[in-house]
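These notes concern the structure reproduced below.
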There are 4 protein chains.
Amino acid sequence: MPSGLRGEDNGGNVEKNIVKAAHTLTFQFPRLSFMFPDNYKFTGEWHLIDIQLHPEAIRNTATNYSLIEKKDINLLLKKRGKFDHKGTFGHGLLIAGSEDKAGAAVLAAKAALRSGIGLITCLLPSKAGAVIQSTLPEAMTISFTEWTKKKETGSADIYSAIGAGPGMGTGDVQTRIVEELLIMKKPAVIDADALNILGKNKKLLSLLHPSVILTPHLKEFERIAGKAANGYERLMLQKNFSDKYSCIVVLKGANSSITLPDGRVIFNSSGNPGMATAGSGDVLTGIILSLLSQGYRPEDATLAGVYLHGLAGDLAADKLPWESVISSDIIDNIGNAFKDLRADKL
Amino acid sequence: MPSGLRGEDNGGNVEKNIVKAAHTLTFQFPRLSFMFPDNYKFTGEWHLIDIQLHPEAIRNTATNYSLIEKKDINLLLKKRGKFDHKGTFGHGLLIAGSEDKAGAAVLAAKAALRSGIGLITCLLPSKAGAVIQSTLPEAMTISFTEWTKKKETGSADIYSAIGAGPGMGTGDVQTRIVEELLIMKKPAVIDADALNILGKNKKLLSLLHPSVILTPHLKEFERIAGKAANGYERLMLQKNFSDKYSCIVVLKGANSSITLPDGRVIFNSSGNPGMATAGSGDVLTGIILSLLSQGYRPEDATLAGVYLHGLAGDLAADKLPWESVISSDIIDNIGNAFKDLRADKL
Amino acid sequence: MPSGLRGEDNGGNVEKNIVKAAHTLTFQFPRLSFMFPDNYKFTGEWHLIDIQLHPEAIRNTATNYSLIEKKDINLLLKKRGKFDHKGTFGHGLLIAGSEDKAGAAVLAAKAALRSGIGLITCLLPSKAGAVIQSTLPEAMTISFTEWTKKKETGSADIYSAIGAGPGMGTGDVQTRIVEELLIMKKPAVIDADALNILGKNKKLLSLLHPSVILTPHLKEFERIAGKAANGYERLMLQKNFSDKYSCIVVLKGANSSITLPDGRVIFNSSGNPGMATAGSGDVLTGIILSLLSQGYRPEDATLAGVYLHGLAGDLAADKLPWESVISSDIIDNIGNAFKDLRADKL
Amino acid sequence: MPSGLRGEDNGGNVEKNIVKAAHTLTFQFPRLSFMFPDNYKFTGEWHLIDIQLHPEAIRNTATNYSLIEKKDINLLLKKRGKFDHKGTFGHGLLIAGSEDKAGAAVLAAKAALRSGIGLITCLLPSKAGAVIQSTLPEAMTISFTEWTKKKETGSADIYSAIGAGPGMGTGDVQTRIVEELLIMKKPAVIDADALNILGKNKKLLSLLHPSVILTPHLKEFERIAGKAANGYERLMLQKNFSDKYSCIVVLKGANSSITLPDGRVIFNSSGNPGMATAGSGDVLTGIILSLLSQGYRPEDATLAGVYLHGLAGDLAADKLPWESVISSDIIDNIGNAFKDLRADKL
């Protein structure tokens, strides 16, 4: 532990009194304060030393904070049965992409397919539809006009889960659609522009429900939950938000923090700086949508999705330097990430 | 044999009286009842034990039921001659794809090309045409308007075989085209929306003929042939349909069942749950169309097509976990499937 | 030699008097009659037995007929110098592709780039332009309207060589462009629809010149030069055509025959039946255009182009069964073909 | 040293008095005259012989001329920190592509992403936008109309660096945009048509500034700086231009010369004639834009960018013959180039 750094809330501490380490060795578990970007200058890279605490002692220590471990995710994964068909794996509705940002929909939809979804339909302006189909023939599209018809005839109810946000824009049509989707009360992952719509229309927040997962990066988080002075305060804001609106929040970054409505906080342990690249968040949206569509519980879809995304990025970075990793590489390694997870003995 | 489970029709049996096995060992051949999804909960995974029945004894046992074996397909495959040219391998017409589902045409056409067709033309709305050509430069397209001209001038007769259905829609234009195609009496594979058109226009069923292969999944089957209480009854419906309309029917699923107009029933033995993914059926349509165009008899095109499709999926699943297999992976392994088939000694 | 088969012209011979061999062993050189499809039923697969004729004896035997050998092509290949730039390798103009057949332009242009061309511009209807650029970002496009402007301002003169035909259509605009191109007297390869334009407008044949290479398949050949009773007669027609119009003709097929204006006939020795697939000819057009642009003499561009095309197809068929080879695979192996050629010791 | 060839300016020398060598061996450093295309016929391939000059002696020899060495670039490369996010790596604005040349934007944007940029937006006509997104889902686009709105609202200021030129055209709209960009005084790389715009509108040259990098090939250089009688004179013109307009100039070719405003001249040592292919320059523009966006100083971005580009081309040419290297191959090897650079011990 760098001398002077507090273990949880380091806010208000005097920076010059804290050692700035290049490396920090810590026993068994990282301290909470290690999870925040503002303390990186004090801890540098940190490493865990296993002091062989008894597993039962660990289980019995009540704490709301934990780190995702590979073996936890391994246990979450569903197995496919012989007679399962594409209906078993659900039909996801992805609201993503616009004329200038159609690629965001491609990335999310492809990630969903590589994560096991049965069928996927992208709801987006018709000009952007051709882009999806040229790049990803396995996906279907539906235009805003067709969507309105479907809503009227009640046939919009065929979808098992919803993903909304990547590159979709924040106009009136999009705002109305986000509202409609939340009212449907289906499992949903809300990202990017769908979050920005919530930020601009705070009254929509009351439509959030326990099957909703929000996946903001720092700026998007501030738009929906406000600014914080430091990492610890931001985490408290995030916990309060999950509690107040009864939804799951994933604050993306190194060691992404996941807050659940019941007060638990889980930090991710996979991923690397090569994933700080255009479209990386769109890929996460696609993976979580896919798991929701396959019937994973929202909490499980979040934990497995966040971990798989980081692991796929780690496998991509085994082959490429961090500068050269692009989001398509993360998608290309989702299959390897599933295999890697399952290869682990329990 | 799980105690209590009947060997053929298990309909009306009392579920609580039947053992629910995790694994079932059976002698030489699986029982018919093992083929139906509703009995999976009784048999679990089943395995064959070879009790060395004399081959001649097997051949002499009259039965309408059989399982496709790799060596049967190996024997069916044609060989190419030195001076064969693209005309030798036929020109397929594929009616597939629409503005919102152009990708279905891409998948079917690519599968056809990878299975050896000489030329392929996709008949679809002109907006969807650019999608095909961007993704698959080897394919040609023709719009509905051009098609009408061709029909009038008689030049629509250049095609050796027809594939219809994937993502084509079920509007009036499409219905008229399906009717025209059936009237042409060419070898044809009918799938997806083309089946739905038959379901909505039952009088078109009278146009079916012995060179037509229908490839419905469960829901599409119900639309053309009606519902059944269980797997055995559904198989009887399927047999009756093939008999009544003199056509081949492939009911897709694990152990796809193939019924021929002469009463024979053949179950497929290749494939895996990773193939329960968007577009997998479109790939099968493309493979069968390709074999028909190359001059395979309808029965042979069906058996070889269904087996190759499953085998390509099995080879894809050797490299990827089931969740991550997408239809493009099945297409990418068609070449390996042909090689694998031929590698087998007879 | 199968008993009864004549060594050159087998026309008029009585079929039942000729042995139908599965394999034919022949000394040092194949006989001319082995080159024709109509004699394949007599020779089956033929194999050469080296009887160690003295090389000088071979050289001194005057003959107009020869077979391309790898070492000949190896010697033709140019080497790149340190300060060579993209201007050194020429700017090719490719007239190919239309709304329904844009993919043909993609295949030809990609083959040209993989064969070493400096720059390539595709002249085609503007709707088809986007297809090229989505698939092949290295290529530029120009619409018919822009082309007319360029012609008027004289700036159409920047191109080093011309390729015309794949998927271009045979309308009035296209006919006028083919005429304009021939008048420019640049090195040119004429294929597919450009050949069909010549077939429909025989007076354009007078514009052919010694830097023009025609690459018809059998049907296209018949449209420009007429029908023949058998392979030998067809070869005579081809020789006469090359002589009369002072141009090079490549009649594509197994053992493609190349006739030069000076009376020589060269048969190709590379290639396989897996290349009997949609777009294979477009790839050849691209390779020859590329070599012409790089300053190869028309004769050399033809021999090297035809041989490289077949060799690339052979390398593709090393990895894939014949059924599964598609034209994109041939393109992907052009690089390997160049390496394979150069790897050979002379 | 070939007898008769001068070591620096060989202009006005009598060609017949100079030895024309196939190979030249030289001590420790190449002579300046070896860098010019017009002297290649005298030196042939040149090779350095290490005569073990003392490193300090080398350092103390004042010279304005140097050759980029791998170890220099290795030292320049930034390292990524754990909490770096896509904002850390900047948002580049790329003005490139038009209806007929959209591919140029694809190549530059893809190269930028493979070199580590956080986000990239392509400013181009809306018709060309779909091409980008179909090919490169990680990129965003903005049309000219949207750009004008952004300029008016001040929101165009979000970009960290600018790249302009590849395939953008030289019309009035484009000219106005180049002017606007230069007025923004952001780090910028100016190539291709943006250079042609400067050549046609010489008064814009006064807007150049020390964070601008111009990357002309020979013809583009002549349009902005005039013609020279030989390589030495051209280098002097280039030095003067950098001095007069206080900007960096990269004259592309074998041994690209880089002139800095302070009078230094650096020659590149990576690259090969396989890179003389359509779009190769667009790739360089993308790499330099990417490094500028990530906060590299303009001088460092230039040196590292030029060297990486050549090294990526060398790695591509390890796998493919020179004829078959296309620009997409260079992009595909940017990751390997970063790895190769870092693998070197210092």
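The values are calculated or read from the model by the stated rules, or taken from the named source; none is laboratory data. Remember, predicted model here, so these are calculated numbers, not experimental data. All Cβ positions, glycine included, derive from the backbone under ideal geometry; neighbour counts span all protein chains shown.
Data overview
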| read-out | value |
| --- | --- |
| Checking A:L25 against (1) without any contact (Cβ under 8 Å) to a residue 12 or more places away in the chain; (2) under 22 Å from A:T61 (Cβ atoms); (3) aliphatic (A, V, I, L, M), the condition it does not meet | (1) |
| The one condition in (1) surrounded by fewer than 24 Cβ atoms within 10 Å (Cβ to Cβ); (2) away from chain C (no Cβ under 14 Å) that D:P30 fails to fulfil | (2) |
| Scope region D:84-97; condition more than 7 Å from every other protein chain (Cβ to nearest Cβ) and within 27 Å of D:G279 (Cα to Cα); matching residues | D:G90, D:H91, D:G92, D:L93, D:L94, D:I95, D:A96, D:G97 |
| Conditions (1) at pLDDT below 95; (2) among the polar types (S, T, N, Q); (3) out of contact with any Asp or Glu (no Cβ under 8 Å at 6 or more places or on another chain); number of the one not met by D:S160 | (1) |
| Test: residue in region A:201-210 that is at pLDDT below 95 and among the small types (G, A, S) | no |
| One residue from C:P216, C:P210 being in contact (Cβ under 8 Å) with a residue 60 or more places away in the chain and under 18 Å from C:A301 (Cβ atoms) | C:P210 |
| Hits in region B:126-141 - residues which are at the interface with chain C (Cβ under 7 Å from one of its Cβ atoms) and modelled with pLDDT under 95 | B:G129, B:A130, B:Q133, B:S134 |
| Test for A:L136: is it out of contact with any Lys or Arg (no Cβ under 7 Å at 6 or more places or on another chain) and not β-branched (V, I, T) | no |
| Among the candidates C:I120, C:I51, residue that is surrounded by fewer than 15 Cβ atoms within 10 Å (Cβ to Cβ) and of a type in the set (V, I, T) | C:I51 |
| Checking D:S126 against (1) buried (at least 18 other Cβ atoms within 10 Å of the Cβ); (2) of a type in the set (S, T, N, Q); (3) closer than 19 Å to D:G97 by Cβ, the condition it does not meet | (1) |
| Residue count, region C:318-334 (criterion: facing chain B (nearest Cβ under 10 Å), part of a helix (DSSP H, G or I) and of a type outside the set (S, T, N, Q)) | 5 |
| Any chance C:Y296 is part of a loop (DSSP other than H, G, I, E, B), touching a residue at least 40 places away in the same chain (Cβ under 8 Å) and on the phi < 0 side of the Ramachandran plot | yes |
| Matching residues, region B:35-62, being in contact with a strand residue (DSSP E or B) (Cβ under 7 Å, 6 or more places away or on another chain), closer than 22 Å to B:G253 by Cα and touching a residue at least 24 places away in the same chain (Cβ under 8 Å) | B:M35, B:T43, B:G44, B:H47 |
| Candidates C:L113, C:L123 - the one that is in contact with a Phe, Trp or Tyr (Cβ under 7 Å, 6 or more places away or on another chain) and at pLDDT 95 or above | C:L123 |
| Residue pairs meeting the criteria (Cβ under 7 Å; at least 6 apart or on separate chains; first in contact (Cβ under 8 Å) with a residue 24 or more places away in the chain, in region A:4-15; second of a type in the set (K, R) and in a loop (DSSP other than H, G, I, E, B)) | A:G7/A:R31 |
| Residues satisfying the stated conditions in region A:183-204, i.e. among the small types (G, A, S) and surrounded by fewer than 23 Cβ atoms within 10 Å (Cβ to Cβ) | A:G199 |
| Residue match in region D:292-305 (condition: within 13 Å of chain C (Cβ to nearest Cβ), under 12 Å from the mean Cα position of the chain (by Cα), within 30 Å of C:A112 (Cα to Cα) and not aliphatic (A, V, I, L, M)) | no |
| Subset tally (residues that are away from every other protein chain (no Cβ under 14 Å) and not acidic (D, E)) for region A:37-64 | 15 |
| Unique match (being surrounded by 24 or more Cβ atoms within 10 Å (Cβ to Cβ) and within 29 Å of C:N74 (Cβ to Cβ)) among D:T285, D:T277, D:T259 | D:T277 |
| Residue match in region A:65-83 (condition: within 10 Å of chain B (Cβ to nearest Cβ) and crowded, with 24+ Cβ neighbours inside 10 Å) | no |
| Matching residues, region C:98-122, being more than 7 Å from every other protein chain (Cβ to nearest Cβ), under 17 Å from the mean Cα position of the chain (by Cα) and not in a helix (DSSP H, G or I) | C:I117 |
| Options C:N336, C:N268, C:N272: the member that is without any contact (Cβ under 8 Å) to a residue 60 or more places away in the chain, among the polar types (S, T, N, Q) and more than 30 Å from B:L93 (Cα to Cα) | C:N336 |
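Here is a yes/no grid of residues against (1) over 24 Å from the mean Cα position of the chain (by Cα); (2) surrounded by fewer than 18 Cβ atoms within 10 Å (Cβ to Cβ); (3) away from chain A (no Cβ under 14 Å):
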| residue | (1), (2), (3) |
| --- | --- |
| D:F144 | yes, yes, no |
| D:D157 | yes, yes, yes |
| D:G165 | no, no, yes |
| D:S206 | no, yes, yes |
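For (1) touching a residue at least 40 places away in the same chain (Cβ under 8 Å); (2) over 29 Å from A:K127 (Cα atoms); (3) among the β-branched types (V, I, T), each residue gets a yes or a no:
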| site | (1), (2), (3) |
| --- | --- |
| B:K110 | yes, no, no |
| B:G116 | yes, yes, no |
| B:L119 | no, yes, no |
| B:A128 | no, no, no |
| B:M140 | no, no, no |
